[in-house]
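A.B. asks: To start, I am sharing the structure in question, which I have written as C-alpha cells.
The values are calculated or read from the model by the stated rules, or taken from the named source; none is laboratory data. Please read these numbers as outputs of a predicted model, since none were measured by experiment. Methodologically, a virtual Cβ is constructed for each residue, glycine included, from the backbone with ideal geometry; neighbour enumeration extends over all protein chains shown. The area values use the complete protein model at the heavy-atom level, side chains included, leaving out ligands, DNA and RNA. Shrake-Rupley method; radii C 1.70, N 1.55, O 1.52, S 1.80 Å.
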Amino acid sequence: MSEIAQKVKKIIIDKLGVEESEVTPEASFTNDLGADSLDTVELIMEFEKEFNISIPDDQAESIATVGQAISYLEEHAG
Amino acid sequence: MELKRVVVTGLGALTPIGNNLEEYWKSLEEGVSGAAPITKFDAEKFRTKFACEVKSFDVHDHIHRKDARKMDIFTQYAMVVAEEAMKDSGLDLEKINLARAGVIWGSGIGGLKTFHDEVTEFASGDGTPRYNPFFIPKMIADLSAGHISIRFGLMGPNFATVSACASSTNALVDSFNYIRLGKADIFVTGGSEAAVVESGIGGFNALKALSERNDDPTTASRPFDKNRDGFVLGEGAGALILEELEHAKARGAKIYAEILGGGMSADAHHITAPHPEGLGAKNVMIDALNDSGVKPEEVDYINVHGTSTPLGDMSEVKAIQEVFGAHAYNLNISSTKSMTGHLLGAAGAVESIACIMAIQKGIIPPTINHFTDDETFDNKLNFTFNKAQKRDVKVALSNTFGFGGHNFSILLRKYEE
C-alpha cells in the first residue's frame, strides 16, 4: 500500500470511527461506513489539510469510496 | 383550567465531586471539595490556576467515539447524565407517547472549547478558512437538547435555555410549566457546562469574578466567609426527569419529590453586579412562593446561589431576610458551591438535585470552608457551616442568579398523595 493510501485510511478510521477491516477500496463512505453529508465534507477537508491541496467541489462530489479517494489523491497530491 | 401536578422521577449527575448521583450525594454529605489545580490546559500564566473539574472521566466509556467527536464537552456531559436519569426513571420508550416527551436543556455558554479551538486554528493559519463542518453544530448551546432528543427519540417540545448561571433552573421551571399546562407528559431537563478552557478562566478572571487563592484551592470556595474572594469555576451536568403525576403513578414510577412552583425575575440593574439590596433575588423568591401557594414559614431549606463573591452573597442574604422575616432563623441555608464550585449553566440542575436528595435523606448538605465569621451577616442565621445537618425537609427552595440579572427559583416538596 502506498504512503498516501495509508494516510487516507488512517483519516477515514479516525473520522468515521470505523474498524480498519471495514476500510476496503470498494467501501462507500455513506452506504458502507455510516457517513452522513457532514462527515463527507469533513473527510474532504481532512484530505485537503493532510495533503496540502484544494479539492474543487465538483471533484469532491465524485469521491464516494475509499478507492476513489486514494486514486484521486495519488494523482493530485505529492 | 386545572393545572397538573409535576413530580421528579429520575436523576443523573456528573460533577466535580462525583460522576453519578450516588457519588455526588455521598460527597455532598461528607463535605468534599472538588477544587484542584487545572489539568485541562497550562494555567501557569493565568491569575487563577485551579478549578473544580470533572475527574476520572473518559467519554468513551459512555459514548461511541464516532458520536462523541461530533459533540462539544458540554454535550458529552449532557448525554451522560440524561442516560443516567432515563435509566433511573425506569421509563420504557416503547410504552410512552414520544410526541409528549420533550427536552429543555440549559447551558450558560455552550461549546466554548470548540469555539476556542476552531478560532485559534484559523487565527494561526494563513487566512484560508478551514472550519470543521461540525464547528457550529458542536458549539451552539441548543445542541445538547437536540442530541438528547435524537438519542431517545423524544419528539415533544425541544429547546435550550440560556440565562447564564440561571440557565438550568430556567429549564426546570419551563419544563414544570409545560407539564403543568398539559403541553407534555415528560421532560428530560437540566443543564450542562464545560467552560474550564483558557477563554473561560481568562474571561472570568478579567471580570475579577474568580477566587485567586492559588495556594489553597480546596478552601477557595467559601461562601459567607469573611475572606471569600470570588467563585471557583466548576463544570459538569445534572439531569432530571419531570413527569405529570398521573402519568408517573400509572406506570408505578418511583417519585423523588414534587415541584410546586417556579419563580422568575430580573434585576434590571447591571450586567454582572447583583442589585445591592437584592431586589431581584427578593422578587424571585416571592414569585416562587406565590406560584406554589406555600407560605414562607413552611420552607425548611434554601440551597442558595451563594457563589462566594463579596457582593453576591451579601445581597442574597438581605433578600432572604426580607422575604422570610423571623422565619429566616429557622431555615437551613447552604451553598453547595462551596464543594462543587460554580457550574454556571448547570448549577441550577445539580443544586435542585441536592435539594431533592436533602428531602429524600433528611440531611442538609453543608456550606464547607467556613473559617471566619463575616460580621455583616446576622449570626442567628444557620448557614449549615462545615458539617451536614439532620433535618426532616418537607419544602426546599433553590435559587440561581445569572449575569444579565436573570433570576430563577424553584420550590420542591416531599411528595405526598
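A.B. asks: Hey, among A:ILE55, A:ILE13, A:ILE63, which residue is away from chain B (no Cβ under 14 Å) and either of a type in the set (Gly, Ala, Ser) or surrounded by 14 or more Cβ atoms within 10 Å (Cβ to Cβ) (or both)?
C.D. replies: A:ILE63
A.B. asks: Restricting to region B:46-105, name every residue that is outside any helix (DSSP H, G or I), within 18 Å of B:ILE148 (Cβ to Cβ), more than 14 Å from chain A (Cβ to nearest Cβ) and under 24 Å from the mean Cα position of the chain (by Cα).
C.D. replies: Matches in region B:46-105: B:HIS62, B:ASP72, B:GLY90, B:LEU91, B:ALA101, B:GLY102, B:VAL103, B:ILE104, B:TRP105.
A.B. asks: Return the only residue of B:SER168, B:SER144, B:SER149 being over 21 Å from B:ARG69 (Cβ atoms) and hydroxyl-bearing (Ser, Thr, Tyr).
C.D. replies: Just a single option satisfies the conditions, and that option is B:SER168.
A.B. asks: Residue by residue through region B:152-185, note down the ones that are more than 20 Å from the chain's Cα centre (by Cα) and among the β-branched types (Val, Ile, Thr).
C.D. replies: Across region B:152-185, the qualifying residue is only B:ILE179.
A.B. asks: Criterion first (free of Cβ contacts under 8 Å to residues at least 24 places away in the same chain and either out of contact with any Ser or Thr (no Cβ under 8 Å at 6 or more places or on another chain) or at negative phi (or both)) does B:ALA273 satisfy it?
C.D. replies: Against the criterion (free of Cβ contacts under 8 Å to residues at least 24 places away in the same chain and either out of contact with any Ser or Thr (no Cβ under 8 Å at 6 or more places or on another chain) or at negative phi (or both)), B:ALA273 does not qualify.
A.B. asks: Right, something else. Quick one: in region B:22-36, of everything that is over 30 Å from B:ILE150 (Cα atoms) and outside any loop (DSSP other than H, G, I, E, B), which residue is least open to solvent (accessible area, probe 1.4 Å)? Reasoning before the result, please.
C.D. replies: Residues of region B:22-36 over 30 Å from B:ILE150 (Cα atoms): B:26-36.
Then keep just the ones that are outside any loop (DSSP other than H, G, I, E, B); that gives B:26-30, B:36.
On the way: B:LYS26: 114, B:SER27: 17, B:LEU28: 0, B:GLU29: 66, B:GLU30: 115, B:ALA36: 32 Å².
Looking at residues that are over 30 Å from B:ILE150 (Cα atoms) and outside any loop (DSSP other than H, G, I, E, B), I get B:LEU28.
A.B. asks: Going by what's in this entry, would B:GLY341 be described as at positive phi, open to solvent by 20 Å² or more (accessible area, probe 1.4 Å) and among the small types (Gly, Ala, Ser)? Give the derivation first.
C.D. replies: Details: at positive phi: yes; open to solvent by 20 Å² or more (accessible area, probe 1.4 Å): no; among the small types (Gly, Ala, Ser): yes.
In short, no.
A.B. asks: Here is a list: B:ARG213, B:ARG222, B:ARG180. Which entry is assigned by TED's automatic domain parsing to the domain that holds B:MET79 and more than 15 Å from B:LYS337 (Cβ to Cβ)?
C.D. replies: After ruling out the rest, the residue left standing is B:ARG180.
A.B. asks: Still on this structure, please answer the following. Which one is farthest from the other protein chains (Cβ to nearest Cβ) among residues in region B:127-161 that are among the β-branched types (Val, Ile, Thr) and surrounded by fewer than 21 Cβ atoms within 10 Å (Cβ to Cβ)?
C.D. replies: Pass one, region B:127-161, residues among the β-branched types (Val, Ile, Thr): B:128, B:136, B:140, B:148, B:150, B:161.
In the following step, the residues that additionally are surrounded by fewer than 21 Cβ atoms within 10 Å (Cβ to Cβ) were identified as B:128, B:136, B:140, B:150.
Numbers: B:THR128: 9, B:ILE136: 10, B:ILE140: 14, B:ILE150: 12 Å.
Looking at residues that are among the β-branched types (Val, Ile, Thr) and surrounded by fewer than 21 Cβ atoms within 10 Å (Cβ to Cβ), I get B:ILE140.
A.B. asks: Looking at region B:1-21 only, could you name the residues that are in a loop (DSSP other than H, G, I, E, B) and either of a type in the set (Phe, Trp, Tyr) or in contact with a Phe, Trp or Tyr (Cβ under 8 Å, 6 or more places away or on another chain) (or both)?
C.D. replies: Selection gives B:ILE17, B:ASN19.
A.B. asks: Consider A:ALA5 carefully, then state whether it is more than 21 Å from B:HIS64 (Cβ to Cβ), more than 14 Å from chain B (Cβ to nearest Cβ) and surrounded by 17 or more Cβ atoms within 10 Å (Cβ to Cβ).
C.D. replies: yes
A.B. asks: Which of the residues spanning region B:197-227 are within 16 Å of B:SER107 (Cβ to Cβ) and open to solvent by less than 10 Å² (accessible area, probe 1.4 Å)?
C.D. replies: Residues satisfying the conditions are B:VAL197, B:GLY200.
A.B. asks: Contact list please: Cβ distance under 6 Å, first residue in region B:319-330 and under 12 Å from B:ASP378 (Cα atoms), second residue part of a helix (DSSP H, G or I) and of a type outside the set (A, V, I, L, M), pairs at least six apart or on different chains.
C.D. replies: B:ALA328/B:GLN321
A.B. asks: Taking interchain pairs and intrachain pairs at least six residues apart, which have beta carbon atoms under 6 angstrom, with the first residue in region B:179-206 and outside any helix (DSSP H, G or I) and the second of a type in the set (Val, Ile, Thr) and surrounded by fewer than 24 Cβ atoms within 10 Å (Cβ to Cβ)?
C.D. replies: B:ALA195/B:ILE109
A.B. asks: While we're looking at this one, here's another question. I need a count of the residues in region B:362-380 that are farther than 18 Å from B:ARG228 by Cα and surrounded by fewer than 16 Cβ atoms within 10 Å (Cβ to Cβ). Can you show your working first?
C.D. replies: In the first step, residues of region B:362-380 are kept if they are farther than 18 Å from B:ARG228 by Cα; the result is B:362-365, B:380.
With the extra rule that they be surrounded by fewer than 16 Cβ atoms within 10 Å (Cβ to Cβ), the set shrinks to B:362, B:380.
The qualifying residues number 2.
A.B. asks: May I pose another question? Contact list please: Cβ distance under 6 Å, first residue in region A:1-13 and without any contact (Cβ under 8 Å) to a residue 40 or more places away in the chain, second residue part of a helix (DSSP H, G or I), pairs at least six apart or on different chains.
C.D. replies: A:ILE11/A:GLU46; A:ILE13/A:GLU20
A.B. asks: Right, something else. Mind listing just one residue for me: the one in region B:37-68 that is open to solvent by 30 Å² or more (accessible area, probe 1.4 Å) and touching a residue at least 60 places away in the same chain (Cβ under 8 Å) and, of those, nearest to B:GLY110 (Cα to Cα)?
C.D. replies: B:LYS40
A.B. asks: Would you point out the residue of region A:32-45, among those that are over 16 Å from B:ASP67 (Cα atoms) and more than 9 Å from every other protein chain (Cβ to nearest Cβ), that is surrounded by the fewest Cβ atoms within 10 Å (Cβ to Cβ)?
C.D. replies: Only one residue tops the list, namely A:ASP32.
A.B. asks: Okay, moving on. Quick one: count up the residues across region B:126-149 that are free of Cβ contacts under 8 Å to residues at least 40 places away in the same chain and over 23 Å from the mean Cα position of the chain (by Cα).
C.D. replies: Residues flagged as free of Cβ contacts under 8 Å to residues at least 40 places away in the same chain and over 23 Å from the mean Cα position of the chain (by Cα) within region B:126-149 amount to 10.
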